2 protein chains.
Amino acid sequence: MNLAIGELSRRTEVKVPTIRYYEQIGLLPAAPRSEGGQRRYGPDEVKRLNFIRHARELGFEIDDIRHLLDLTARPQDSCHEADSIARRHLADIERRIAELTALRNELSRMVSECGHGRICECRIVEVIADHGQCRHGH
Amino acid sequence: MNLAIGELSRRTEVKVPTIRYYEQIGLLPAAPRSEGGQRRYGPDEVKRLNFIRHARELGFEIDDIRHLLDLTARPQDSCHEADSIARRHLADIERRIAELTALRNELSRMVSECGHGRICECRIVEVIADHGQCRHGH
DNA sequence: CCTTGAACCTCTAGTCACTAGAGATCGTAG
DNA sequence: CTACGATCTCTAGTGACTAGAGGTTCAAGG
């Protein structure tokens, strides 16, 4: 197994420029090169890049992933840190869900109150303009 | 009323550099200047900037806000466009909530399955590494 | 009138995680 | 040996700001 970057890309579903970007920021090690200077990859890189992609899909930030990858290099250590990274991330997502849910409720009320008339009497525009005064006071 | 930028900032709770940034991208008109070259603002700018802030709090993008502001300049027009901007935004937020909720469920299951042992047997690390194969197949 | 110091000015660069494009070189099938 | 797709490096752009350097203006107190 001695894969070119395009083949690695196909197997991991990570785009070629993204792979190069990950190398540039040190998330992937600098790949060995062919005689002509093209990157060549082995099975470890496939695994590592798959890990990165899955973690990104789960919404982890690059720095968290860096940390998680460091941890997997020390498999006998306690998984306490991995656990706390994941818990922190979970709390962050829950906070974002709460924020977005509040927004959704507000927007959905606005949209339902719109009488489809003219701008000057539109509840949507009105609510945005008066937001701070009328209902919330934040 | 002839406000300096700091006073405008205080009244609208928009930071000074952000106000300058909004001017730079054309979201706020170029403010008239004092003799020494400092920006001075009147009541219209307070209103406009409040509108911008409220719209940002509701998660609208700058381009949408630009559009909404254009609409408020033509108050006799139909509010059809405002309505569709708001609906599109609402749909977008609902999609993001759905995505985040799916993430939350997955993360929360991962975290609850972690036995607080060693990395090599940690469900969190394992799930990230095997994500594609084990349960989803996407 | 003069000084002080907070507030203001412009300009550049950094954030995050990529993405796009230009222009050149490599690898391989026919 | 030639074509041509894949690869290379490098720079710049995205969105919506934020941070900092280095200089100027304004208003109040002495």
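The values are calculated or read from the model by the stated rules, or taken from the named source; none is laboratory data. As the structure is a computational prediction, the values presented were derived from the model and not from experiment. Cβ: placed from backbone, ideal geometry, glycine included. Neighbour counts: every protein chain shown. These accessible areas exclude ligands, DNA and RNA; they are computed on the full protein's heavy atoms, side chains included. Shrake-Rupley method; radii C 1.70, N 1.55, O 1.52, S 1.80 Å.
Observations, loosely collected:
- In the stretch A:1-24, the qualifying residues are those that are outside any loop (DSSP other than H, G, I, E, B) and within 14 Å of chain B (Cβ to nearest Cβ), and the one that is nearest to DNA strand C (Cβ to nearest atom) is A:Thr12.
- Any hit, the stretch B:70-86, residues being in contact with a Gly (Cβ under 7 Å, 6 or more places away or on another chain), closer than 30 Å to A:His80 by Cα and more than 16 Å from DNA strand D (Cβ to nearest atom): no
- Given (1) surrounded by 15 or more Cβ atoms within 10 Å (Cβ to Cβ); (2) within 9 Å of chain B (Cβ to nearest Cβ); (3) in a loop (DSSP other than H, G, I, E, B), index of the condition A:Asp83 fails: (3)
- A residue that is out of contact with any Pro (no Cβ under 9 Å at 6 or more places or on another chain), part of a helix (DSSP H, G or I) and open to solvent by 60 Å² or more (accessible area, probe 1.4 Å) occurs nowhere in the stretch A:25-42.
- Considering residues of the stretch A:58-80 that are under 15 Å from the mean Cα position of the chain (by Cα) and within 14 Å of B:Met110 (Cα to Cα) only, the residue surrounded by the fewest Cβ atoms within 10 Å (Cβ to Cβ): A:Gly59
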